[in-house]
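Visitor: Below you'll find the structure I mean.
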Amino acid sequence: MSWITAATRILLLIALAALLGWWYGSTLAAVAVALACLVSFWIFQLRTVQLWLRDPRQAPPDVFGIWGDLVAQIYLYQRKNTEEQQKLQLTVDYLQDSFGSMRDGVVMVDGQGIIKWFNSAAERVLGLRYPDDIGQTLTNLVREPEFNAYFLGNDYDSPLQYSSLGESTRHIRLEITRFGTDARLLFVRDVSAAVRTEEIRRDLVGNISHELRTPLTVISGYLGTFLSDVDTFPAPYRKALGQMSQQAERMETLLRDLLWLSRIESEEQQSKLDRIDMCSLVEELRDEMVATGAPQPLELQLESDHKVQGDYRELYSAISNLVGNAVKYSADNSPVTISWRRLDDGYHLAVKDAGVGIDALHLPRLTERFYRVDDSRNSATGGTGLGLAIVKHIAAAHGARLEIESTLGEGSSFSLVFPLGG
Ligand code: ADP
């Protein structure tokens, strides 16, 4: 029923009452009685609707006229709403079920840092208790300074890996993503087993390299003695001795690189406190290259006096690897440029050469251990394939990244990019 019909009915009622009143000689009284009845009827209807609205799960009441229409409309909206809510609840249940069955811990936290939900893996990894901890502030329950600093720091671009010192040390990896209005979803995983395997691998490589050094020194020593008197050997042996010595030298370089890599890997967590003057580091490196007789002209472009927080030996090793490569992989007279400057995205230490360059297809894998663009190129230059792995590692330990640009046949540019705030 439309409101016009309802209004028409009221007007008709008043007109009828007025007519009857006029007939019996009391128009006003008749209209007043009619209005009083109408108001009472409406109050009664209103009360019925209100009682129903207090508990809308009951069946809708029998009300008349426009009230009936209103109740029908409300009832319809309510049913729709309930259906939507049920659907939403099903989705939430489904999501919680799937998060619940995950081996990673999942915690949902609202904008105020209050725990809304977590799965059983999160109980194990973070030590939360269900259901007591729902509604509690997460940072009051997880009392790990690194965890809390990361959670409150609001910078979740890269995940956090931290050690939790309980009865036994556990290594935990934490990733946080935002959703909704500042709510956060935390994924936590106990990576202790992987970290331990990595430690064993690192120790093994370190120990083997160390143990191999002594016999190799002995072999190299004897080879050196033989070679110093090579003319006393028959001709076929001379060539063999030369090759043996060359290969022994390569092995020595390889072991040196492996040992260095395992050392910097184990020192990764240590803080790098010195402020390193990159200009003097680069100048020292240039002097060393000149002293060792690098055939290429080395040009320096030092445009920033920014000092990097870090470890001098490590940075020196990284940059000397890059310069060493630039020299190795370019022609004798083509220049190598080392620059240090501030750009919009950070401080760049770039080593540029106009050498052989690298095909784009190799670039993504270049920093893998032992990855080589071309084996023949490497055996000619005596490379180990570990240099860039070392550079990448040192960069990461200093909060920097390694950027590589190269065009085959035109040259390459390797840059260590340090953050502006570092
Ligand atoms: P290596 O000790 O063999 O040089 P790296 O890890 O330093 O090992 O380099 C990996 C590979 O990347 C090398 O085999 C080489 O082919 C390529 N490469 C590195 N630097 C350059 C460069 N400046 N120009 C051309 N190729 C390069």
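The values are calculated or read from the model by the stated rules, or taken from the named source; none is laboratory data. Quick caveat, the model's predicted, so the values are computed rather than measured. Note that we place each Cβ from the backbone using ideal geometry, even for glycine, and neighbour counts take in every protein chain shown. Ligands, DNA and RNA are excluded from the accessible area calculation, which covers all protein heavy atoms including side chains. Shrake-Rupley method; radii C 1.70, N 1.55, O 1.52, S 1.80 Å.
Visitor: Can you give the angle from 0 to 90° between the axis of helix 278-291 and the longest principal axis of the chain, with both taken from C-alpha atoms, to the nearest 10?
Guide: The two axes meet at around 30 degrees.
Visitor: Okay, moving on. Kindly provide the helix-only [θ] at 222 nm of the chain, computed as the sum of -39,500 (n - 2.57) over DSSP H runs of four or more divided by all residues, to the nearest 500 deg cm²/dmol?
Guide: Taken over the chain, the calculation gives -18000 deg cm²/dmol.
Visitor: Can I ask one more? Over its Cα atoms, what ratio of radius of gyration to 2.2 N^0.38 Å does the chain give?
Guide: Here the answer is 1.82, to two decimals.
Visitor: Taking the simple approach of a point 7 Å from Cα along Cα-to-Cβ for both S304 and R124, what is their distance in nm?
Guide: Using points 7 Å along Cα→Cβ, the separation is 4.5 nm.
Visitor: For the pair L88 and S26, what calculated FRET efficiency results from E = 1/(1 + (r/R0)^6), where r is the Cβ-Cβ distance and R0 = 60 Å, to the nearest 0.05?
Guide: 0.50
Visitor: A further question on this structure: Taking the Cβ of K116 as the center, what net charge do the other residues with Cβ under 13 Å away carry, scoring Lys and Arg +1 and Asp and Glu -1?
Guide: Local net charge: -2.
Visitor: Enter the accessible area per residue of the chain (Å², integer; probe 1.4 Å; all protein chains in place).
Guide: Accessible area per residue: 61 Å².
Visitor: Separate question: Normalized C-alpha radius of gyration of region 132-237, against 2.2 N^0.38 Å?
Guide: Here the answer is 2.08, to two decimals.
Visitor: Could I have the simple spin-label model distance between N154 and A183, label points 7 Å from Cα toward Cβ, reported in nm to one decimal?
Guide: A separation of 2.0 nm, rounded to one decimal place.
Visitor: Is any residue of region 52-68 close enough, with backbone N under 19 Å, to a label point placed 7 angstrom from the Cα of R9 along the Cα-Cβ axis, and if so, which?
Guide: Under 19 Å, as judged by backbone N against the label point of R9, lie 60-68 of region 52-68.
Visitor: What spacing in nm lies between the two simple spin-label points modelled at Q161 and V218, each 7 Å away from Cα in the Cβ direction?
Guide: 3.8
Visitor: Protein chains only, probe 1.4 Å: how do R54, R79 rank by accessible area, largest first?
Guide: Putting R54, R79 in descending order of accessible area: R54, R79.
Visitor: With r defined as the distance between the Cβ atoms of Q78 and L35 and R0 fixed at 35 Å, what FRET efficiency is calculated, to the nearest 0.05?
Guide: Calculated transfer efficiency: 0.60.
Visitor: Further question: Determine ³J(HN,Hα), in whole Hz, for all residues of region 384-389 in sequence, where each value follows from phi through the Karplus function 6.51 cos²θ - 1.76 cosθ + 1.60 and θ = phi - 60°; x replaces Gly and Pro.
Guide: Values per residue, Gly and Pro as x: 10, x, 9, x, 6, 5 Hz.
Visitor: Can you pull the percent of the chain's accessible area that's carbon plus sulfur, 1.4 Å probe, other chains left in place?
Guide: Ligands and nucleic acids excluded, carbon and sulfur reach 56 percent.
Visitor: At 0.36 nm per residue, minus the direct Cα-Cα distance, what do D132 and R250 gain on full extension? Give it in nm, one decimal, please.
Guide: Using 0.36 nm per residue and subtracting the Cα-Cα distance, I get 36.2 nm.
Visitor: By how many degrees, 0 to 90 and rounded to 10, does the Cα axis of helix 3-24 deviate from the longest principal axis of the chain?
Guide: Helix 3-24 sits at roughly 20 degrees to that axis.
Visitor: Let me ask another. Grab the beta carbon distance between L420 and S101, set R0 = 51 Å, and tell me the FRET efficiency rounded to 0.05.
Guide: Given R0 = 51 Å and the Cβ-Cβ separation, E is 0.75.
Visitor: Is region 230-315 rounded, prolate or oblate when judged by the Cα gyration tensor, a ≥ b ≥ c being the square roots of its eigenvalues, rounded requiring a/c under 1.5 and prolate requiring a/b larger than b/c?
Guide: Because a/c hits 1.5 or more and a/b fails to exceed b/c, region 230-315 counts as oblate.
Visitor: Could you pull out the longest piece of the chain with no exposed loop chymotrypsin sites (Phe, Trp or Tyr not before Pro) in it, calling a site exposed if DSSP puts it outside H, G, I, E, B and it has at most 16 other Cβ atoms within 10 Å?
Guide: 157-369
Visitor: Write down the radius of gyration of region 201-259 and its Dmax, each obtained from C-alpha positions, in Å.
Guide: 13.8, 45
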